[in-house]
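Data first, discussion second: the structure below is written as structure tokens.
The values are calculated or read from the model by the stated rules, or taken from the named source; none is laboratory data. As the structure is a computational prediction, the values presented were derived from the model and not from experiment. Neighbour counts are summed over all protein chains in view; Cβ atoms, including those assigned to glycine, are modelled from backbone coordinates with ideal geometry. For the accessible areas, the whole protein counts, side chains as well, though only heavy atoms, and no ligand, DNA or RNA atoms are used. Shrake-Rupley method; radii C 1.70, N 1.55, O 1.52, S 1.80 Å.
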Amino acid sequence: MRLVLLGPPGAGKGTQAEKLARHYGVPHVATGDMLRDEVAKGTELGKRAAEYMHQGVLVPDELVREIVRNRLSQPECSRGFVLDGYPRNVKQARMLEEDLCRQGLTLNAVVFLSVPTEVLVSRSSGRVVCSACGANYNVVTRPPRESGKCDRCGGRLIHRQDDQEDTVRKRLEVYQQESLPVRDFYAARGLLRTVDGDQPVEEVFRSILEAVGGGDG
Ligand code: AP5
């Protein structure tokens, strides 16, 4: 299964991608997580990416293309992947198409998670992530069993630096201008499935599985 998840910041791409990856037995490839990992390690790539990420704007296309291309060419991705956070503009969508085509591959489906803006802002401001394993929680909608502590590994839960309200609003603006057209790109190829992301996590998951069997593109 080669699946792309699209949607605005806070739509639940990461939450659903993790579940879908487990369901299909393929890796969850998240550009945001890979970039944050580079930033945390202090690599050259991480230093360059951090400047953009802290402002809530997109990291340059070629930089992201490189990390995605490397990851997708690993043997673990040979059975497929769930891609979360890429492509983020039409140029990246064309790059992905080109890179997959070189390997004789195409996408099976592209799922767009539709969520109203006011819900997005409150989800992002309530999000906490584990500083050790990256697990994702929400202090309002998906709280951990013990406050500040990861259910999975006991790690410390922290707020993402780009989840402050002004940065979230900037990310939403960038999304409207640059990422929304990616939906039309995939609709034109008959790959797009739109799912209501404003439902409980398990309902969204069920809707995605159903949608991947059908299509609205
Ligand atoms: P990235 O990490 O990809 O952030 P994003 O796309 O803005 O998405 P988020 O991670 O904020 O949200 P999500 O949709 O994954 O939602 P989540 O599941 O966490 O990118 C960060 C930055 O990296 C970008 O700004 C950019 O600078 C850079 N970058 C990344 N990719 C790039 C690219 N391709 N090109 C250039 N730059 C790039 O859920 C959010 C919260 O809601 C959580 O707390 C969760 O628990 C909760 N939640 C989820 N689902 C539900 C539900 N159904 N009901 C209630 N709560 C829910």
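Residues that are within 12 Å of the ligand (Cβ to nearest atom) and crowded, with 18+ Cβ neighbours inside 10 Å were ranked within segment 102-120; the one that is modelled with the lowest pLDDT is Leu120. Taken over segment 26-57, the criterion of being open to solvent by 40 Å² or more (accessible area, probe 1.4 Å) and assigned to a loop (DSSP other than H, G, I, E, B) is satisfied by Thr43, His54, Gln55, Val57.
So, Glu66, is that one over 25 Å from Gly190 (Cβ atoms) and more than 11 Å from the ligand (Cβ to nearest atom) or not? Judged against the criteria, Glu66 is a match. A single entry from Arg79, Arg65 fulfils the requirement of being assigned to a loop (DSSP other than H, G, I, E, B), over 24 Å from Lys149 (Cα atoms) and open to solvent by 10 Å² or more (accessible area, probe 1.4 Å): Arg79. Scanning segment 141-164 for residues that are near the ligand (Cβ under 8 Å from one of its atoms) and among the β-branched types (Val, Ile, Thr) yields a single hit, Thr141. Consider Gly134 carefully, then state whether it is in contact with a helix residue (DSSP H, G or I) (Cβ under 8 Å, 6 or more places away or on another chain) and not in a helix (DSSP H, G or I). Against the criterion (in contact with a helix residue (DSSP H, G or I) (Cβ under 8 Å, 6 or more places away or on another chain) and not in a helix (DSSP H, G or I)), Gly134 qualifies.
Those residues that are acidic (Asp, Glu) and within 8 Å of the ligand (Cβ to nearest atom), I need them from segment 19-57; list them, please. Steps first, please.
From segment 19-57, those acidic (Asp, Glu) are 33, 37-38, 44, 51; that's our starting set.
Residue satisfying the conditions is Asp33 alone.
Number of residues in segment 175-214 that are among the small types (Gly, Ala, Ser) and free of Cβ contacts under 8 Å to residues at least 40 places away in the same chain equals 6. So is Val128 touching a helix residue (DSSP H, G or I) at 6+ places or on another chain (Cβ under 8 Å), part of a strand (DSSP E or B) and closer than 29 Å to Glu173 by Cβ or not? Taking the combined requirement at face value, the residue does not satisfy it.
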